[in-house]
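Reviewing the structure listed below.
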Amino acid sequence: MANARSGSLATILFLFMSSAALHKGAAQDPVVSQNLVTDNVTVVEGEMAIISCRVKNNDDSVIQLLNPNRQTIYFRDMRPLKDSRFQLVNFSDNELRVSLSNVSLSDEGRYVCQLYTDPPQEAYAEITVLIPPGNPIIEARDEVLSEGNETEMTCTAMSSKPAAIIRWMKGDKELPGKPKVELTYDKMYTVTSRLTFTVSKEDDGVPVACIVDHPAVKDFQAQKYLEVQYKPEVKIVVEFPQGLTREGENLELSCKFRGKPEPQRVNWLKVDDDVPSHAVITGADLYIENLNKSYNGTYRCVASNSIGEAYDDYTLYVYDAPTTTPKSTTATTTTTIITTTISYPEINQETAPSTEPAAHDSRAGEGAPRTVDHAVIGGVVAVVVFAMLCLLIVLGRYFARHKGTYFTHEAKGADDAADADTAIINAEGGHTNSDEKKEYYI
């Protein structure tokens with residue numbers, strides 16, 4: 001017990017003498033020394049700071065650490081200040097290193113590393129305390145929006161040091177906000193950013209994020225999803241037929257739509273006319289049987305909700321029904337003079353050129369030319385050929401009825417004449433009695 005009391009007394013005596021010596025040295029102005037170095041420290045509130053006082057060339061002088069109020073925290077390896085948050089990390093002839101745990105804003109300031117010489121040498125370590133902002137608060141002026149309307153959102157980051165920076169993101173696009181910074185009584189900063197923008201139907205369900213940038217925190221943000229109502233979008237789809245619409249066939253149209261809120265009313269109508277009486281309308285589908293050309297026109301699907309209405313049009317053009325392939329026809333005429341056989345070849349629809357529009361046209365009959373009837377062309381050709389055949393027959397019979405004659409005069413007795421002169425003499429005057437020989441030709 002006596003030894004303990006003696007140790008305590010020696011310690012008190014040593015501190016008293018050291019303090020007196022320091023006050024004596026302090027009477028001289030301290031100088032900033034290149035021989036004594038330290039570092040500034042930045043620390044987040046609640047974490048630990050390390051203060052290091054280092055001597056390049058020590059001549060056995062005393063090293064001590066003072067707080068911003070110039071109270072001695074550590075004198076060599078002893079701690080006169082009764083603050084257990086300060087702990088000795090390392091002490092040697094060349095360094096005094098001290099830790100400060102659970103740092104608060106009140107610990108911020110300039111700490112002094114002092115080397116007791118004549119005059120005293122000092123170096124200064126500035127401790128900066130960072131205080132992260134509270135959770136960002138995002139607010140919207142409108143909970144439910146309509147397309148084309150303007151809305152406003154605000155984001156607040158409270159009680160930070162230094163002041164936070166607020167950024168806005170709508171989906172993948174950054175939007176500019178208008179910040180406002182306020183300094184509170186406790187040297188804290190509150191930042192409020194205001195964002196104004198116009199919404200479209202594509203913004204429905206898109207997140208708007210308020211991102212807070214601060215050296216004390218990372219990835220600090222709050223977000224809110226947009227709810228945008230918009231009028232319907234309408235599109236007519238042809239379910240049947242896949243190609244051209246022809247007489248006698250059926251037509252099935254389906255009206256596809258979407259909107260927010262979901263459209264409650266869907267109507268079919270025919271522009272400038274009435275929908276055919278036997279047309280069947282089932283919800284968003286239109287069905288017409290046994291098409292004919294009187295059904296040609298523009299059919300419209302109209303969908304509406306509380307925001308507005310929209311429509312899509314389908315122009316119907318009914319083509320002629322497919323024609324039947326004509327059978328092969330053969331005409332044969334025979335007389336005693338001419339035998340003629342004429343055959344009319346079949347018209348092959350696969351090889352014949354077509355003037356019909358392509359089947360993938362989005363609107364049947366828009367600007368499409370009328371179909372050429374091949375059967376009519378074949379009939380005209382047959383009539384022309386048949387007329388020419390009849391003309392040939394008539395001419396043949398005409399020449400057959402008008403006969404031509406010729407006479408061959410042979411003198412009687414000429415065959416018995418001894419010589420040519422006698423035959424000539426006998427032939428003279430012999431024509432009157434000679435018989436006429438006639439030959440006919442056709």
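For the stretch 231-328, the list of GluC sites (Glu not before Pro) that fall in a loop by DSSP and count at most 16 other C-beta atoms within 10 angstrom reads GLU247, GLU289. Net charge in the neighbourhood of GLY205 (other residues with Cβ under 10 Å of its Cβ; Lys, Arg +1, Asp, Glu -1) is -3.
Per-residue extension of 0.36 nm, minus the Cα-Cα distance of VAL385 and ASN250, leaves a gain of 44.5 nm for this segment. The Cβ shell under 15 Å around SER92 holds other residues with a net charge of -1, Lys and Arg each +1, Asp and Glu each -1. With the whole protein complex present, LEU391 retains an accessible surface near 100 Å², based on a 1.4 Å probe.
In this structure ASP273 has an accessible area near 90 Å², from a 1.4 Å probe over the protein heavy atoms.
Rolling a 1.4 Å probe over the protein chains gives TYR230 an accessible area of about 20 Å².
For the stretch 33-191, the solvent-accessible area works out to 53 Å² per residue, with a probe of 1.4 Å and every protein chain left in place.
Relative to one another, the C-alpha centroids of the stretch 40-106 and the stretch 242-286 are positioned 86 Å apart. Pairs from the table (LYS161/LYS201; LYS187/LYS224; LYS180/LYS218; LYS82/LYS218; LYS170/LYS260; LYS161/LYS224) lying more than 28 angstrom apart at Cα are LYS161/LYS201; LYS187/LYS224; LYS82/LYS218.
Legend: calculated FRET efficiency, THR196 to ASP39, from the Cβ-Cβ distance at R0 = 41 Å, rounded to 0.05, equals 0.35. With a simple spin-label model that places each label point 7 Å from the Cα along the Cα-to-Cβ direction, the separation between ILE50 and GLN242 comes to 7.6 nm. A full extension of the chain between ASP273 and GLU289 corresponds to an added length of 4.0 nm, given 0.36 nm per residue minus the alpha carbon distance.
When the GluC sites (Glu not before Pro) in the stretch 83-185 are filtered for DSSP coil states and for at most 10 other beta-carbon atoms within 10 Å of their beta-carbon, the remaining sites are GLU143.
The values are calculated or read from the model by the stated rules, or taken from the named source; none is laboratory data. All of these numbers come straight from a predicted model, not from anything done at the bench. Positions of Cβ are generated from backbone atoms using ideal geometry, with glycine treated the same way; all protein chains shown enter the neighbour counts. When the accessible area is computed, the model is the full protein with side chains, heavy atoms only, and any ligands, DNA or RNA have been set aside. Shrake-Rupley method; radii C 1.70, N 1.55, O 1.52, S 1.80 Å.
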